[in-house]
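To start, the structure itself, in structure tokens.
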Amino acid sequence: MENKNALIELKNISKSYDDELVVNNVNLTIYENEFLTLLGPSGCGKTTILRMIAGFIVPEAGEVIINGKNFNDLPPYARPIHTVFQKYALFPHLDVINNVAFGLNNRSWDYLEKFYGEEKIKNEIALLSTKKEVSIKKAIKSLIYKDSVQALKLVKLDGFLKRKVDQLSGGQQQRVALARALVNKPQILLLDEPLAALDLKLRQNMQYELKEMQRTLGITFLFVTHDQEEAMTMSDRIVVMKEGVIQQLGTPKSIYNEPINRYVANFIGETNILRGTYVKKDLVNFLGVDFACMGYNFLDGEEVDVVIRPEDFDVVNLEKAKLVGECVFSLFKGVHNEYEVMVKGEKLLVHTYESYELGQLIGLTIDPYEIHMMKVEKGE
Amino acid sequence: MNKEFKVLAKPYMVWLSILVFVPILAMLVISFSNLNSSVSIGEMSLSLTHFDLLWERSTIIAFRNSLLFAFATTLISFVLGYFIAYEIKLSKFKNKFILLTFVILPMWSNLILRTESLTNIMSENNILKSILGFNIFGNISGTWVAVLFGLVFTYMPFMILSVYTALEKIDYALEEAALDLGLRPIKKFWKVVFPLSFKGVVTGSIMVFLPTLAGFAIPKILSRGRIVFIGNIIEQKFIYTNYNHGALLAVVILIFILGSILLLTKFDKEGETLL
């Protein structure tokens, strides 16, 4: 990521509503061609950040820098950015093709001549002028139409050109909204929980398609969601937010495996968080047992929070086990079984393929590299 | 439709038949008859001789006046009313209902009384002049300006209300989407806001146009009888019991009304903007 060009830089931006700080001194750099997700519960300021980049909200403090220029006071219509809105916001008085072509249709001729470039317009004129001479404007109109059809083809809706938008299903409307933004060839596409209104199956399909589109088109996608699974599936990098502050920024893998604090660990998937003591280098004690660990440096004897993902427990024979507990709850999840195991008064969440009965004893071990530790936060 | 609803709708159907369908039918029949003050109902017969009335100069002028004033009133109400409705929509004022109440406030007083007062303050000596020391309107009572003012004053609230209803239904996200797609605010208005509120404009226009076209009280009072609308002629014909003449002109007005409603259904299939 480091060798890529920074496209958007947010420098110390803040915004408050009614004295409540919703975005608190956020710094963030977004690179070219990356898929970045802002993840957090509702009210964490993620949408506010998106709207500041789109230009609908002016930050109270700090700078929004795009392509090296300060964009703070630039209105939305002057930014090389397009948004896919949460409820699509398609124009009900236009049909599908005119919705898609809306942005280009309403640009000035000067803008469009630059947008398509002299050569492309010349080629189009040559293509159209079989019988009689064709004007530049006509050629541009024809290019807009072709591009719009192409954009609809990209979202697999090229059979719906003349359809009214209210005659489309939610998923189809979603695709039209996407095509409407993409046809303008934005440098940055902002997506504000665009999948929230779709049903599960459709949502999963769209996740893959979005990711695929981002890869092939080479556009920077900035995605906002409260759904951690969605964020995991699509993103190159994830920003986890809480109360207007960035908690952690990293690849899905690093955020999942090495959460920086309890909040992130809890937000990203199910997990076990245990209080332990860092005995000495590569040795940690929790639940009264010493475990080998690796890759962490704390003070000897310092208290730490230990994070173990449910799937990272190894279920073994009782003789070999470091922890032995009683199975108090079980759930069949299809691929694996989910158990709650009571070990010395702590309930541990364990995922395994083996099956156990309620009340049966389960032996557990943990590999050193599966043990993740976090600094204990003050006030916890 | 549901059976219960059919039962519930019955009283209204009876009401509608007695007070609307039967009179319209009677009017249609009378307009093709020779019924007037010198003919009794027993001697009534089919007659088309009175159709000459339609080509009489006075009738044509009255129709011209009605149509001209109706168009002018609709146009002024549209321009002013749209502006007011848009301002109400944009206002940061929390309780917009109060603003709308101000719009319909004049309707709380009787139409005739209101119009009489209007013509009073438009004449040379009036109560406002003695209070303020000068004449707000000048001495316009009896002129076409007075009539036009009275019509706009009376019917513009209908335009404001229906345009406001239409504007209020526009999702703000659509306006944001237009800005996001590169439209400047003025272009956004013409490409998104105006087309989406157009149904309200059509509804409002019809609600202004029809009563202006068919009305007779406002022009009579404000022009002091100098400007004759078709409604004034119909009124006169019925007062002097020229039933067939009156009915004939009323049928012509009815055709205009039906035409307008046809136009309305073309633009507003669900009747959304009708309050």
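Any read-out appearing in this document is the output of simple, stated calculations on the displayed coordinates, not a laboratory observation. Nothing here was measured: the structure is a model prediction, and the numbers come from that model. Note: ideal-geometry Cβ built from the backbone for every residue, glycine included; neighbour counts use all protein chains shown.
Amide H to amide H distances under 5 Å link A:Asp367 with A:Asp314, where only residues 5 or more positions off or on other chains count and H is placed in the peptide plane. In this structure, the amide hydrogen of A:Val245, modeled 1.01 Å from its nitrogen in the peptide plane, lies closer than 5 angstrom to those of A:Asn24, counting only residues at least 5 positions away or on a different chain.
Can you list the trypsin sites (Lys or Arg not before Pro) in the stretch B:171-275 that are in a DSSP coil and have 10 or fewer other beta carbons within 10 angstrom? It would help to have the intermediate numbers written out before the result.
Details: sites: B:Lys187, B:Lys188, B:Lys191, B:Lys199, B:Lys220, B:Arg224, B:Arg226, B:Lys237, B:Lys266, B:Lys269; in loops: B:Arg224, B:Arg226, B:Lys269.
Here the trypsin sites (Lys or Arg not before Pro) that fit, given the DSSP loop and packing criteria, are B:Lys269.
Normalised by 2.2 N^0.38 Å, where N is the number of residues, the C-alpha radius of gyration of the protein assembly as shown stands at 1.43. Highest mean packing comes first when the peptides A:183-194, A:268-279 are listed by Cβ atoms within 10 Å, giving A:183-194, A:268-279. Mean separation of Cα pairs under 8 Å and 6 or more residues apart, divided by the residue count, gives the stretch B:107-172 a relative contact order of 24 percent.
Under the definition of Cα pairs under 8 Å and six or more residues apart, what whole-number percent is the relative contact order of chain A?
Working: 729 pairs, mean separation 60.1, N = 380.
Over chain A, the number comes to 16 percent.
Only helices reaching 24 angstrom along their own axis (Cα) with mean Kyte-Doolittle hydropathy no lower than 0.0 count here, and for the DSSP H runs of chain A these are A:136-154. For the stretch B:1-97, chymotrypsin sites (Phe, Trp or Tyr not before Pro) are listed when DSSP marks them as loop and at most 11 other Cβ atoms sit within 10 Å of their Cβ; the list is B:Phe93.
Cβ neighbours within 10 Å, averaged per peptide: list B:242-250, A:112-120 in order, most packed at the top.
Details: B:242-250: 23.2, A:112-120: 13.9.
Answer by packing, highest mean first, reads B:242-250, A:112-120.
Using C-alpha pairs under 8 Å with a sequence gap of at least 6, the mean separation divided by the residue count of chain B gives a relative contact order of 29 percent.
By the beta-carbon count within 10 Å of each Cβ, the least crowded to most crowded order of A:Tyr111, B:Tyr172, fewest first, is B:Tyr172, A:Tyr111. Normalised size of chain B, defined as Cα radius of gyration per 2.2 N^0.38 Å with N residues, equals 1.22. Note on A:74-84: average number of Cβ atoms from other chains within 10 Å of each residue's Cβ is 4. Between B:Leu46 and A:His336, the modelled label-to-label distance comes to 9.2 nm, taking each label 7 Å out from Cα in the direction of the beta carbon.
Helix B:144-168 and the longest principal axis of the C-alpha atoms of chain B enclose an angle of approximately 50°. Listed from fewest to most Cβ neighbours within 10 Å, the set A:Asp147, A:Asp18, A:Asp300 follows the order A:Asp18, A:Asp300, A:Asp147.
For chain B, the longest principal axis of the C-alpha atoms and the axis of helix B:243-267 are separated by about 30°.
Total lysine pairs in the stretch A:147-297 at Cα distances under 26 Å, for residues eight or more apart or on different chains: 19.
Exposure proxy shown here: for B:Val208, A:Val134, A:Val304, the number of other Cβ atoms within 10 Å sets the order, fewest to most, as A:Val134, A:Val304, B:Val208.
How many percent of DSSP beta bridges within the protein assembly as shown run antiparallel, rounded to 5? Numbers along the way, then the final one.
Working: 61 of 79 bridges.
DSSP beta bridges in the protein assembly as shown are roughly 75 percent antiparallel.
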